[in-house]
Amino acid sequence: MNKLVTIAIPFYNPGPAFEDAIKSVFAQTYTNWELLLVNDGSTDDSLEKALAIKDSRVRVINDGKNLGLVARLNQIAQLASGKYLARMDADDIMHPERIEKQVDFLENNPNVDVVDTGAIIMDRAGQPVGMSNLKIKLPTAFELLKKGGFLHASIMARKTWFLDHPYDPEYPRAEDRELWARTFSKTTFARLSEPLYFYRFAGNVRSRAYLTSYASERKVIKRYGPQMIGLGPSTYLYLRSLSKSVVLIFLSILKMEQIITRRNYHPIPEILREEVSALLAQIRAHKVPGW
């Protein structure tokens, strides 16, 4: 039996990439979904684009407020009708088989709470440049605190899990890492190593946002590190995070901050790049009712 999946996209001035994100939902092989488009006070034309969609599976939530991502993620869990809830960012793209494969996995592995996927890394123009999360091996507690552990926007979990474990607004731009750390000992995570998510990451560094991320990252390490990995390793990760902030400030002065994302993915082989580019073109050509 097909289970209803809520695909949730909170958005705030996402720009032209918003259309690609929505097209990738309509391109899914799994069709028993609802799409929650939650506007967080956008001032571009994204709300108009969302409202123009003519499909009963799409719900647009618009209260005219700018509450921030964490508030919207917790709101989404309350509003979702599906058994499963799939995260997605408003400037990314899903592989057409993402939802089908994650649902099949969770249905066949009822002990698993949260599953993420491998990813194709895109640049700001939406072109494939790298790969990430392609090993099925899950992160250790140390790796989770160091790098975050899971690709936040690719996760799917049961709605009940999100309701039981809300995001904490005290960790802006590291709310996912805090959630993983808080639930690490009592949640069963899994990964589909296939690249089922196209993540707009390379060359997308905004220094102020990254510095906020690093500050929240240190709060996570300070709160959870000692009990998860011990005081010594936690101190190392804390100082490492501080050094990342210093390096980013220095690179920003030199206008070289975009290089910091390069260490977080592997280059994509040319033959795979061509295959992925063709798939992206197919997704972008998909029709959305009302557009």
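The values are calculated or read from the model by the stated rules, or taken from the named source; none is laboratory data. The structure displayed is predicted, hence computed values, not measured ones. Positions of Cβ are generated from backbone atoms using ideal geometry, with glycine treated the same way; all protein chains shown enter the neighbour counts. These area figures cover heavy atoms from the full protein model, side chains too; ligands, DNA and RNA do not enter into them. Shrake-Rupley method; radii C 1.70, N 1.55, O 1.52, S 1.80 Å.
A straight Cα-to-Cα reach below 30 Å connects K83 with the lysines K3, K23, K49, K54, K65, K101, K135, K137, K147, K159, K186, K287, residues fewer than 8 places away in its own chain not being considered.
What a 1.4 Å probe finds exposed on the chain is 55% carbon and sulfur by accessible area, rounded to a whole percent.
Considering every alpha-carbon pair of the range 124-208, the percent of pairs per 5 Å bin, from zero through the bin containing the longest distance, is 2, 11, 21, 24, 21, 13, 7, 1. Sketch the reach of a paramagnetic label on N32 as a point 7 Å from Cα along Cα-to-Cβ, and name the residues of the range 113-133 whose backbone nitrogen lies under 14 Å away. Counting only backbone N, you get no residues.
For the range 98-145, the ratio of Cα radius of gyration to the globular rule of thumb 2.2 N^0.38 Å stands at 1.43. Net charge dipole, the range 1-83: roughly 380 debye, given to the nearest 20, about the Cα centre with Cβ charges of +1 for Lys and Arg and -1 for Asp and Glu. Here the Kirkwood formula, the inverse mean of 1/r across different C-alpha pairs, assigns the range 84-241 a hydrodynamic radius of 16.3 Å.
Considering only beta bridges that DSSP places wholly inside the chain, some 35 percent are antiparallel. Antiparallel beta bridges, as assigned by DSSP with both residues in the range 104-235, represent about 40 percent of the total such bridges.
Sparse packing (at most 12 other Cβ atoms within 10 Å of the Cβ) combined with a DSSP loop state is found for the following trypsin sites (Lys or Arg not before Pro) in the range 34-64: K54. Each residue of the range 176-291 gets 182 Å³ once the volume of the Cα convex hull is shared out per residue.
Quarter the surface of the alpha carbon convex hull of the range 65-138 and you get the mean projected area, 6.9 square nanometres. As a test question: what accessible area, to the nearest 10 Å², does R206 have when a 1.4 Å probe is rolled over all protein chains in place? Near enough 140 Å² of accessible area. I need the Kirkwood Rh of the range 35-90: take the reciprocal of the average 1/r across all distinct C-alpha pairs and report it in angstrom. Kirkwood hydrodynamic radius for the range 35-90: 12.0 Å. Computed over the range 1-101, the P(r) curve from all C-alpha pair distances, binned at 5 Å from the origin, holds 2, 13, 26, 26, 20, 8, 2, 0, 0 percent per bin. Taken as entire DSSP H runs, the helices of the chain that both span 27 Å or more between Cα atoms along their own long axis and average 0.5 or more on the Kyte-Doolittle scale are 231-253. Each residue, Q227 and D45, gets one label point 7 Å from its Cα in the Cβ direction; the gap between the two is 5.0 nm. Rg and Dmax of the chain, based on Cα coordinates, read 18.6, 57 Å. Think of a 1.4 Å ball rolled over the protein heavy atoms: the chain then has 46 Å² of accessible area per residue.
Computed about the Cα centre, the dipole magnitude for the chain is approximately 800 debye when only Lys and Arg (+1) and Asp and Glu (-1) carry charge, each at its Cβ.
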